[in-house]
Each structure stands twice: as C-alpha cells, then as structure tokens.
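The values are calculated or read from the model by the stated rules, or taken from the named source; none is laboratory data. None of the values given here were measured: they were computed from a predicted structure. Cβ placement follows ideal geometry from the backbone for every residue including glycine, while neighbour counts extend to all protein chains displayed. For the accessible areas, the whole protein counts, side chains as well, though only heavy atoms, and no ligand, DNA or RNA atoms are used. Shrake-Rupley method; radii C 1.70, N 1.55, O 1.52, S 1.80 Å.
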Amino acid sequence: MKVKAAQTFEGPEDLPDVRLSSFDISSNDSVLCAGTEAKKEDTYLLFWDVRKTDILGCYSESHRDDITQVKFHPTNPDTLATGSTDGLVCTFDLSETSEEDALQCTFNSESSVHWIGWCGEGRHNVYCLTHVETLHVWDTLEGNWKVDYLVDCFETSDDNQLYLLAGDHSGNLHLFTVGTSSISPVGSLQQGHTATVRCMTWDLQANSLVTGGEDAMLCLWSPDQPGQRRSKSRKESAKIRARLKPSAAPSSQPY
C-alpha cells in the first residue's frame, strides 16, 4: 500500500542536486530548516514556510562542509543552532534580514560535529558532541570570546580563586576562573582599551583591577567583583582612565 506524503518540501530550482543531511522545525511549527551536504565548496541552510511548503530562502556563507545538525531553540522560534563537519557550531537570529546580521556566534570544536543541542538555565547554552568523543558547552549570551594573548593571573582575597586575564588586540579583555582541570569564562571588560593590554595588577585592598596597554591608557575596573557574569561597559565599570604622557626631556635618573 502506498502512503502519500502529507507535505513535500523541495529545494530552490537553482540548487537541483543538493542532498539534505539534517533538519528541524521551529518551536511554533512555522519554519522548517534543513542543512545540506557540501557540493564542491558550497553548503546551504534552506528554509521553508511549513504552512505553504514555500521556500523562504537560504544561507550559504557560514559553513564549508556537510551540515550534520540543525537545532532550533526549544522556546524561541527565531533562534537556530547548526553544526558541521567543518568543526563549527553557529547560532543565528532568524529575525534579521540577512545572513551576515543573523549570525550571532561561531564556536570552533576543532573536530567534526556529531550532535548539538540547547541546555542550561533558560536554554542559553549550546552543547556539542564531536566525532572524536569530545564535549563542548558554550554560553551564547557571552558570545564567542576572541583571545589573542594571555595577560596574567591574579587571586582575590575573599574566595582565594585564581583568575586569568586574557585579551584581543582590539583592547577587549576577558576574565576566566582557573581550576585544577578546567578554565571557565566569567565576564568581559570592554570599552576601556583600544589596543593590546600588556600588564595588570589586582588591588587587594580596593578590590579593583588595574590594566595598562599599548594605547597609553591605564584603566581601573571597579567596584564589581570579577566573579559576576556580566560585561562591564564604560559607565557600568566606573573606570578611572589616565592618559600617560612622555616627559618633555628624557632623564637618565629614575627620580
């Protein structure tokens, strides 16, 4: 006995030979998204209107190999996560009008992605299982922190927790807690520096962090504790910024 399909979704006419490798439906049952296998160097995310089976569009710039996983957020129909054998896990905001604007985070598992899903409080985290049996969990609210270098470590007096300060060459700084077996993100320090940060010190009495960079700036980050999971803006962090000016005449004496 033949069973007729209730609905049939077809790809765009200009992509007649693409093979679908994964798919999912949004939490409000309105959008179907499917990932494709790579065709030469092109890989696609295709979107259909579930009610009309009409193709809505496609993304083609975010992955470069077979898309193995497509997972909508369990409660937000506009939030999508994808994984690929290129090692990347991407999250998208489908309410944006272009792929460039929709792409929110790109995480690198450094291996072929086998399985992804949403987890944690509010389902803001994305987990990833790879084909080499490694597990990754990322916080999509914090985003993908770019780390170009490590600055230094410091320890606070109240909890004896060791913190690592790292940064990128644009001046953004990131705090991590250092454990015996793992390093975990804490928060970002932004809008203070505009170039590479070279030094730091932790003031135990004032409970404040002081950083110095190649932009000739000293920044004092206070009064928030490093353990708070938040990004500190210029107003929120109550920074004191002091521009360093070279002396008019160089001196051979340190005083």
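Exposure check, 1.4 Å probe, all protein chains in place: Glu214 carries approximately 110 Å² of accessible surface. If a spin label sat at a point 7 angstrom from the Cα of Asn28 along the line to its beta carbon, the backbone N atoms of the range 42-82 nearer than 19 Å would be those of 47-57, 71-81.
Here the extension length gained between Gln7 and Thr180 equals 57.0 nm, from 0.36 nm per residue of separation less the Cα-Cα distance. A cut-off of 5 Å between modelled amide H atoms, ignoring neighbours fewer than 5 places along the same chain, links Val31 with Ser26, Val50. Figure note: Asp49, Asp203 ranked by solvent-accessible area, largest first, 1.4 Å probe, ligands and nucleic acids not counted: Asp203, Asp49.
With a 1.4 Å probe rolled over the protein heavy atoms of all chains, the accessible area of Thr140, Thr8, Thr36 falls in the order Thr8, Thr140, Thr36, largest first. The separation of the range 205-224 from the range 69-96, counted between C-alpha centres, amounts to 37 Å. Grab the Cα-Cα distance for Lys52 and Gln161, subtract it from 0.36 nm times how many residues apart they are, and report the gain in nm with one decimal. Going from the current span to full extension adds 33.7 nm. The Rg/Rh ratio for the range 75-150, using Cα coordinates for both the radius of gyration and the Kirkwood hydrodynamic radius, is 0.97.
Using a/c under 1.5 as the rounded threshold, could you call the range 1-101 rounded, prolate or oblate? The axes a ≥ b ≥ c are square roots of the C-alpha gyration tensor eigenvalues, and prolate needs a/b larger than b/c, oblate otherwise. In terms of gyration-tensor shape, oblate. Label zone (Asp215, point 7 Å along Cα-to-C-beta; backbone nitrogen cut-off 20 Å) within the range 180-207: 187-202. Rolling a 1.4 Å probe over the protein chains gives Met200 an accessible area of about 30 Å². Debye sum, Cα scatterers, the range 94-223, no solvent: what log₁₀ I/I(0) at q = 0.13, 0.15, 0.17, 0.20 1/Å? For the range 94-223 at q = 0.13, 0.15, 0.17, 0.20 Å⁻¹, log10 I(q)/I(0) is -0.69, -0.87, -1.03, -1.20. What pairs in Lys2/Lys40; Lys2/Lys39; Lys2/Lys52 have C-alpha atoms more than 30 Å from each other? Beyond 30 Å: Lys2/Lys40; Lys2/Lys39.
Given a 1.4 Å probe and the protein chains as shown, Tyr59 ends up with an accessible area of around 30 Å². Taking the centroid of alpha carbons for each part, the range 1-16 and the range 22-44 are 14 Å apart. Sorted largest first by accessible area at a 1.4 angstrom probe radius, with every protein chain in place, the residues Glu41, Glu133, Glu99, Glu155 fall in the order Glu133, Glu41, Glu155, Glu99. Excluding same-chain neighbours fewer than eight residues apart, the aspartates and glutamates reachable from Lys71 by a Cα-Cα span under 12 Å are Asp24.
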